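The structure under discussion appears below in the form of structure tokens.
The values are calculated or read from the model by the stated rules, or taken from the named source; none is laboratory data. Quantities reported herein were computed from a predicted structural model and do not represent experimental measurements. Ideal geometry is used to build each Cβ from the backbone, glycine not excepted, and the neighbour counts take in all protein chains shown. The protein model used for the area step is the full one, side chains on, heavy atoms only, and it has no ligands, DNA or RNA in it. Shrake-Rupley method; radii C 1.70, N 1.55, O 1.52, S 1.80 Å.
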Amino acid sequence: MKNILLSILMVAVIILGFMYWDQKNDEKESLEENTALIQEQIRNVGKLVVTEGTFSQVFTYKNSKSFYLDIFSARKKALIVVNAEVSIAYDLSKLDIEIDEEGKRVIIKDIPEEEISINPNIKYYDVTQDYLNQFEAEDYNKIKAKIEKGLKTKIENSSLKSNAKNRLVSELQKIYILTSSMGWTLEYQDQAIENEESLERIKI
């Protein structure tokens, strides 16, 4: 009788051990699968997100030079029309992300800064210039610098930047939705992202 009980006990221990090992193995495989899925999603998100807009600007350029104790002056002027294509891009391949498998956390350590590209198409109309004060390369460089400065101000005051951030947040939400559905936590700057709205409030 003792031998039978001992045999049953040994079988029970073996079965329990096998079940425990099988369960641990399943957990490991599940963790590996989830990690692989998250890594794949991050790779899919890691692209160039571009928001484009067009801005127009019209202004008059005037310049005057005086000669001989201000007795004579030489003038030049032009009507300048600018149509500029502007793009704001986030290169998400530069996202700095760490995956903590043990803690089931995806940590966004750094989000790349926006890249603003301005391509102005500048046209000159009604150009007039005196012989002693003609348009030179320096004038065109100054005009271009003034145009770009004005365009940057327009961009800051427009909805283009907020639209670009909305597109960025939309891409990051894909990571949040996946991690949340798997029971993982998404973090940014030591703060857990608890819902999609909290992503919209992050400072970039």
Cβ pairs under 9 Å, 6+ apart, first in region 124-136 and of a type in the set (Asp, Glu), second loosely packed, with under 13 Cβ neighbours inside 10 Å: Asp126/Thr60; Asp130/Lys65
Unique residue being closer than 21 Å to Val45 by Cα, surrounded by 11 or more Cβ atoms within 10 Å (Cβ to Cβ) and in contact with a helix residue (DSSP H, G or I) (Cβ under 7 Å, 6 or more places away or on another chain) when the list is Leu168, Leu178: Leu178
Tally, over region 120-139, of residues that are of a type outside the set (A, V, I, L, M, F, W, C) and either open to solvent by 90 Å² or more (accessible area, probe 1.4 Å) or under 25 Å from Leu178 (Cβ atoms) (or both): 6
Criterion (over 29 Å from Tyr188 (Cα atoms) and in a helix (DSSP H, G or I)) met by exactly one of Lys154, Lys123: Lys154
Which listed residue, of Ser93, Ser117, is closer than 30 Å to Lys154 by Cβ, loosely packed, with under 15 Cβ neighbours inside 10 Å and at pLDDT below 90: Ser93
Answer residue from region 97-109, given it is surrounded by 12 or more Cβ atoms within 10 Å (Cβ to Cβ) and not β-branched (Val, Ile, Thr) and is nearest to Glu156 (Cα to Cα) among those: Lys109
Those residues of region 48-77 which are modelled with pLDDT under 90, farther than 30 Å from Glu136 by Cβ and open to solvent by 90 Å² or more (accessible area, probe 1.4 Å), in sequence order: Leu48
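Quick grid of which residues meet (1) at pLDDT below 90; (2) of a type in the set (Gly, Ala, Ser); (3) farther than 20 Å from Arg105 by Cα; (4) touching a Lys or Arg at 6+ places or on another chain (Cβ under 9 Å):
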site	(1), (2), (3), (4)
Tyr131	yes, no, yes, no
Asn163	no, no, yes, no
Asn166	yes, no, yes, no
Glu171	yes, no, no, yes
Glu197	yes, no, no, no
Residues satisfying the stated conditions in region 160-204, i.e. assigned to a helix (DSSP H, G or I), of a type in the set (Asp, Glu) and touching a residue at least 40 places away in the same chain (Cβ under 8 Å): Glu171
Conditions (1) in contact with a Phe, Trp or Tyr (Cβ under 7 Å, 6 or more places away or on another chain); (2) over 30 Å from Gln41 (Cα atoms); (3) assigned to a loop (DSSP other than H, G, I, E, B); (4) of a type outside the set (Ser, Thr, Tyr); number of the one not met by Phe135: (1)
